[in-house]
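The next block holds one structure in the form of structure tokens; read it before the comments.
The values are calculated or read from the model by the stated rules, or taken from the named source; none is laboratory data. Here the structure is a predicted model, which is why all the values come from computation and not from measurement. Reconstructed Cβ throughout: ideal geometry from the backbone, glycine too, with neighbour counts over all protein chains shown.
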Amino acid sequence: MKRRILDGEFLDRLDAAALCLKSQMTGYFGGTRKARTYGNTVEFADFREYFPGDDIRRIDWNVYARFEKYFIKLFTDERQMQNQILIDCSMSMACGEPEKATAALRIAAAFGYLSVCSMDRVSFKLLKEDRAEELPFNVTSKDSFYRAAQILESTEFGGDTDLEKSVLNIGKPGYDDGLTIIISDFFTESNWKKMIDFLVYRRREVVMIQVLSPDELYPGFDGRIDMQDSESADRNMKMMVTKRSMQAYQQALDDYEKELIDFCASRGVTFFTVSSDEPIEKVIFGKGYEAEVIK
Amino acid sequence: MSFLQPLGLLGLIGVPIIIIIYIIKSRFVQKPVASTFIWKRSLKYVKRKIPLSIILSLLLILQILTVVAASLAIARPTIKPFKSNEEILILDASASMQSSFEGKTRFEAAKEKILEEAEGIGSNNRISVILAGTKAETIIERSEDKINIRYELEDITCTDGDADVEGALELASKIQELNAGATIKLITDKDYENVEGLEVVNIARTGEYNVSILNVTDEQLLTGDYQFTAEVVSYGRGTECAIGIYIDDDDNDETPLVLLGSKNIILPNTNMNEGGTVNVIFTPNRLLEETETQIVVPIDNIQSYKEVKVVIEDDGGIETDNEYYLYSLEKTIPKILFVSSKFKTTGDGAVDVNKPTSLYVALSSNGYVPRSDDMFKSVEAALQAKGELKGYDLYIFEGVEPPEGEDFPTDGAVWLLNPSSIPSAVSGVAMEQETVDGDFTMILASMSQTNTYQTITKNLDCQVGVGRYKPMTHGGNFEKIFSCNGNEACLIAGTSGGVRMVVTSFDFNYSSWPIKITDYILLINNLVTYSIPDVLPSRDFEIGQIVQFNAPAGANKLTFKYEGIILDETEDLDMKFILDKVGVYEVEVTYSDETKVSYMMPTHIPNSESNIVIVGENVVAAEIPADSVVEAEPIEIFPYLIALLILLLVTEWGVYHRDGV
């Protein structure tokens, strides 16, 4: 099934935005993002006392005149980030009205486009079962982005995804070199906390975007229901859905989200939830701005 | 439970319908969802979640109950009211309750039982006590005062007769009308069957026995000596006791009774002996032998006696049935006025008794010998004595014209034998003057069960020839005894103006009665017996018996005494008297000439009361009057069912919406 995830007008608007990294990372050589290291750009960063071996051309003689000590001028460094966008491709993401998968892919594409615009490299990883399938190429330009988007539009959703294992099985998770965006409904028994800890340990900046459908946020059915779990028949359950059970559902959902938010906050991870029926503009320019992921 | 609208129960059809709906509706709707992850987590947020199957079962039960309650409400069921703790205690005061055992009578035990009931009934509850003696009487009515109950019980005593249980139940039913929930208990010593609405409390005790004298009779032997037979029994067990006979053989009331004979005897258990009794014979006959059921006690020769008393000395059971009195049956020769056209007179005009008529002979043969010549008068003498024909027990007018008007005797029985006319004082009888001659056969009229017919025809079964009679018609209180020539009345008997009369339409001399001398004497005896009945109806009496005396001619006052104490004096000679104490009653007849004659009435407890161990098939079931058990007004539970229905609906609603079904 092919989904339409790109909108030219929306992409034009995205040109005015940029991904915002909260911390400076090491990254890769040749980007536009300021790094913690000092480089050879023209933007002054700091002074440092001269040590033998330093390039004497960088000695600031004006300062020497004032302090009679040798100081050299340091300039900021600009690096390229290796962003990773992880998309939960479990069957549960293919459900909902509108479909959560479409929303997830649009969000992924949007963040991918923003990365490209920021001169960052971006890789899309499709989390399926206990593995992470990576697109065959890294997206470093708009041209490659459009190619990647076409592939994403044909993404197959199905099966059950173990977020922990699939993330831990990523071949090149990177280290202190970029942003990791995980898009999922997080309705999983998998140990997502361990997944976050792993990514934090790799000193990656993590953004978790939970995509839920409106009928998950506000179930609109009641009565004697035999719920057929989309991922596993073992998880089917029968129950009488009433106001009371609906209230319990809302409470359970709220508590689960709070658990996610609290844990993410404790690990410096950005988290927000979107509804699959929310316009992508609202997600990016609304919740993205609020979460300070977009600037 | 009963229903005012039984058709409402058709609503119960809804029960299987609900069950069918539940069976059909029990399937779940399949709903694909992305994940049941949150739903499963939501389960822990439902407090004390009741399993769905239980909720469904609860709902099913509630709905079925709702339908049942609605159906019942439509059917409008009614129930009997619940009983309160009020008790109506009927205390059996029959003679058998006097039975003593281990120093306490059954009556005393029954009173203690009542006190126990009164103590146990609790506060604010009421108790009633009805004494079922020979006459039922309410002693305590709906009292809450236990002290008063005890006080009242101390004063009541046991009677000597039967218990009027039926009357007591009627009284109980009247009290029960005030509180339909009251329970009725009959405290008795008899094994009454339990009846609906009546609880029988039997206070008879194991080991009780009673020795009793049921009857004493006399018999005059060929030697002229008297022999006495006492029928004795021992109920409950066999025992050894002494029995003796005392006699009073003179008219002096001051003379004490003299022991005539006594013996220690062994009595078997009458109940075990299937009701057999033992006859103790006090006899001067030395040849009489003893058998299993016959004990011989030798006594002296007794040619006459006034009073005898048989006594059994035994401490167990009822005391009052251990004595039995018997008084001599000495018939008073009645005063008879006999006027006959057949009498021969002597030279001075008096009746020549040496030339008697056939009727004279028959009367004499029965012992009704004349007391004086005044009894027998010729026609002329009788006519001369008009206005003086009073003071006789029996007036016989044979072949003469009886007196008319005020001269017609009304103080004694009257025989009109072949009268020339029927006096106007005799109502309902008419006789033609013309005689009918022929050869007719006089026979007994058709069988009748009346006392008149049975008395006059006793031992008579004969056919007699009649040559002449006068056609006679009868009505009123007269009854045809003999008839001839088809169905013509020859001898009738009955009453007119309260006077017993016998009327014949033939002359005995024109019949073959005098030839059939035996039957003739018997007929005359029966006629006298009918005309002049015994003053007392029997020789012995039972408690509770109602006695009516046959006042002799000339009597003008009756005095009733009990053991020397005057109970009542009356000039109403038809008065009835109830015997309610064990002992000897005396009725003293005062004649117009102030002479007095006493008749003794020994009274004892009913024989059935002496049997204190009536059990099994011999029990007498208490017959409760149809209206004695009050059918309490049924309570309609419609409002309660409606309330229940509403409660069920609310509960069902609550379960449905609270527990999420």
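Points worth noting:
- Selection of first residues in the range A:173-200 that are in the same structural domain as A:SER123 (by TED's automatic domain parsing) and of second residues that are among the polar types (S, T, N, Q) and assigned to a loop (DSSP other than H, G, I, E, B), restricted to Cβ pairs under 6 Å at least 6 apart or on distinct chains, gives the following pairs, ordered by first then second residue: A:ASP176/A:THR26; A:ASP177/A:THR26; A:PHE187/B:SER35.
- Residue that is surrounded by the fewest Cβ atoms within 10 Å (Cβ to Cβ), among those in the range A:202-219 that are within 17 Å of A:LEU127 (Cα to Cα) and away from chain B (no Cβ under 14 Å): A:VAL206
- Within the option set B:ASP568, B:ASP580, B:ASP572, being within 26 Å of the chain's Cα centre (by Cα), part of a loop (DSSP other than H, G, I, E, B) and exposed (fewer than 15 other Cβ atoms within 10 Å of the Cβ) holds for one residue only, B:ASP572.
- Only one entry in B:ASP249, B:ASP253 is more than 15 Å from B:THR293 (Cα to Cα), buried (at least 18 other Cβ atoms within 10 Å of the Cβ) and at pLDDT below 90, namely B:ASP249.
- Residue count for the range A:228-242 satisfying the condition of being of a type in the set (Asp, Glu) and facing another protein chain (nearest Cβ under 7 Å): 2.
- Some residue of the range A:140-151 being over 15 Å from A:ALA109 (Cβ atoms), away from chain B (no Cβ under 14 Å) and buried (at least 16 other Cβ atoms within 10 Å of the Cβ): yes
- Search result, residues across the range B:168-227 that are modelled with pLDDT of 90 or more, of a type in the set (Ser, Thr, Tyr) and surrounded by 22 or more Cβ atoms within 10 Å (Cβ to Cβ): B:SER212, B:TYR226
Each row is one residue, and each column tells you yes or no for (1) touching a Gly at 6+ places or on another chain (Cβ under 6 Å); (2) crowded, with 17+ Cβ neighbours inside 10 Å; (3) part of a strand (DSSP E or B).
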site: B:ILE521; (1), (2), (3): no, yes, no
site: B:ASN525; (1), (2), (3): no, yes, no
site: B:ASP534; (1), (2), (3): no, no, no
site: B:ARG539; (1), (2), (3): no, yes, no
site: B:ASN556; (1), (2), (3): no, no, yes
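- If you go through the range A:243-276 and pick out every residue that is away from every other protein chain (no Cβ under 14 Å), among the polar types (S, T, N, Q) and not in a helix (DSSP H, G or I), you end up with 1.
- Any hit, the range B:90-107, residues being under 21 Å from the mean Cα position of the chain (by Cα), surrounded by fewer than 21 Cβ atoms within 10 Å (Cβ to Cβ) and not in a strand (DSSP E or B): no
- In the range A:148-191, the residues that are within 16 Å of A:ALA101 (Cβ to Cβ), of a type in the set (Gly, Ala, Ser) and touching a helix residue (DSSP H, G or I) at 6+ places or on another chain (Cβ under 8 Å): A:ALA149, A:GLY158, A:GLY159, A:SER184
- Taking the criterion of being under 18 Å from the mean Cα position of the chain (by Cα) and not in a loop (DSSP other than H, G, I, E, B), the residues of the range B:138-184 that qualify are B:VAL165, B:GLU166, B:GLY167, B:ALA168, B:LEU169, B:GLU170.
- Some residue of the range A:181-197 being part of a helix (DSSP H, G or I), within 14 Å of another protein chain (Cβ to nearest Cβ) and under 16 Å from the mean Cα position of the chain (by Cα): yes
- Boolean, B:TYR591 is under 16 Å from B:VAL535 (Cα atoms) and modelled with pLDDT of 85 or more: no
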